[in-house]
Amino acid sequence: MDITQIVVVISLLAISTVIVVVGVYLTKLIKDLRVTINETNQIISSVSRPVSSFSEFLMGFKNGFTIFNSFFKKDKKEKDES
(Lines give C-alpha, C1' and ligand atoms only; values in the text may rest on other atoms or scores of the structure.)
Protein backbone atom coordinates (compact mmCIF):
# COMPACT_ATOMS: atom_id res chain seq x y z
CA MET A 1 0.00 0.00 0.00
CA ASP A 2 1.03 3.47 -0.81
CA ILE A 3 1.41 6.19 1.86
CA THR A 4 -1.48 8.10 0.30
CA GLN A 5 -3.81 5.13 0.66
CA ILE A 6 -2.81 4.66 4.29
CA VAL A 7 -3.51 8.34 5.04
CA VAL A 8 -6.90 8.12 3.29
CA VAL A 9 -7.89 4.95 5.20
CA ILE A 10 -6.82 6.44 8.55
CA SER A 11 -8.71 9.68 7.77
CA LEU A 12 -11.85 7.77 6.80
CA LEU A 13 -11.68 5.71 10.00
CA ALA A 14 -11.22 8.84 12.11
CA ILE A 15 -14.08 10.66 10.41
CA SER A 16 -16.36 7.61 10.71
CA THR A 17 -15.53 7.28 14.40
CA VAL A 18 -16.28 10.94 15.03
CA ILE A 19 -19.61 10.68 13.18
CA VAL A 20 -20.64 7.62 15.22
CA VAL A 21 -19.65 9.29 18.51
CA VAL A 22 -21.57 12.46 17.61
CA GLY A 23 -24.61 10.37 16.61
CA VAL A 24 -24.59 8.52 19.94
CA TYR A 25 -24.18 11.82 21.81
CA LEU A 26 -27.09 13.41 19.93
CA THR A 27 -29.29 10.38 20.63
CA LYS A 28 -28.59 10.65 24.37
CA LEU A 29 -29.14 14.40 24.23
CA ILE A 30 -32.53 13.98 22.56
CA LYS A 31 -33.59 11.39 25.16
CA ASP A 32 -32.55 13.75 27.99
CA LEU A 33 -34.39 16.59 26.29
CA ARG A 34 -37.54 14.46 26.07
CA VAL A 35 -37.33 13.67 29.81
CA THR A 36 -36.78 17.34 30.62
CA ILE A 37 -39.76 18.41 28.50
CA ASN A 38 -42.00 15.83 30.21
CA GLU A 39 -40.91 17.04 33.66
CA THR A 40 -41.45 20.66 32.61
CA ASN A 41 -44.95 19.84 31.36
CA GLN A 42 -45.77 18.20 34.70
CA ILE A 43 -44.50 21.23 36.61
CA ILE A 44 -46.44 23.64 34.39
CA SER A 45 -49.65 21.64 34.72
CA SER A 46 -49.28 21.43 38.50
CA VAL A 47 -48.84 25.21 38.64
CA SER A 48 -51.62 25.99 36.16
CA ARG A 49 -54.34 24.15 38.12
CA PRO A 50 -54.09 26.34 41.27
CA VAL A 51 -53.69 29.49 39.17
CA SER A 52 -56.79 28.58 37.19
CA SER A 53 -58.74 27.87 40.39
CA PHE A 54 -57.62 31.17 41.91
CA SER A 55 -58.60 33.00 38.73
CA GLU A 56 -62.05 31.42 38.82
CA PHE A 57 -62.37 32.42 42.48
CA LEU A 58 -61.48 36.04 41.69
CA MET A 59 -63.92 36.14 38.77
CA GLY A 60 -66.69 34.86 41.07
CA PHE A 61 -65.71 37.44 43.67
CA LYS A 62 -65.84 40.19 41.02
CA ASN A 63 -69.24 39.02 39.78
CA GLY A 64 -70.51 38.99 43.36
CA PHE A 65 -69.41 42.59 43.88
CA THR A 66 -70.98 43.59 40.57
CA ILE A 67 -74.31 42.16 41.66
CA PHE A 68 -73.92 43.74 45.11
CA ASN A 69 -73.18 47.16 43.56
CA SER A 70 -76.10 46.89 41.16
CA PHE A 71 -78.51 46.74 44.13
CA PHE A 72 -77.17 50.02 45.52
CA LYS A 73 -77.25 51.78 42.15
CA LYS A 74 -80.98 51.02 41.82
CA ASP A 75 -81.66 52.48 45.26
CA LYS A 76 -79.89 55.75 44.36
CA LYS A 77 -81.89 56.06 41.11
CA GLU A 78 -85.16 55.49 42.96
CA LYS A 79 -84.26 58.17 45.56
CA ASP A 80 -83.37 60.67 42.83
CA GLU A 81 -86.72 60.15 41.11
CA SER A 82 -88.72 60.78 44.33
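Condition check: surrounded by 10 or more Cβ atoms within 10 Å (Cβ to Cβ) and either at pLDDT below 75 or charged (D, E, K, R) (or both). Does Lys76 satisfy that? Show your work before the answer.
Values: surrounded by 10 or more Cβ atoms within 10 Å (Cβ to Cβ): no; either at pLDDT below 75 or charged (D, E, K, R) (or both): yes.
Answer is no for this residue.
If I filter segment 52-64 for residues that are out of contact with any Leu (no Cβ under 6 Å at 6 or more places or on another chain), at pLDDT below 95, outside any helix (DSSP H, G or I) and of a type in the set (Asp, Glu), do I get at least one hit?
Step one: of segment 52-64, the residues out of contact with any Leu (no Cβ under 6 Å at 6 or more places or on another chain) are 52-64.
Next cut, at pLDDT below 95 only: 52-64.
Filter once more, keeping what is outside any helix (DSSP H, G or I): none.
Scanning segment 52-64 turns up no residue that is out of contact with any Leu (no Cβ under 6 Å at 6 or more places or on another chain), at pLDDT below 95, outside any helix (DSSP H, G or I) and of a type in the set (Asp, Glu).
Output the residues belonging to segment 1-14 that are exposed (fewer than 10 other Cβ atoms within 10 Å of the Cβ) and assigned to a helix (DSSP H, G or I). Break it down stepwise before answering.
Pass one, segment 1-14, residues exposed (fewer than 10 other Cβ atoms within 10 Å of the Cβ): 1-5.
Listed by number, the residues that qualify are Ile3, Thr4, Gln5.
The values are calculated or read from the model by the stated rules, or taken from the named source; none is laboratory data. Note that the structure is a prediction, hence the values are computed from the model and not measured. FYI the Cβ positions are ideal-geometry reconstructions off the backbone, even for glycines, and counts take in every protein chain you see.
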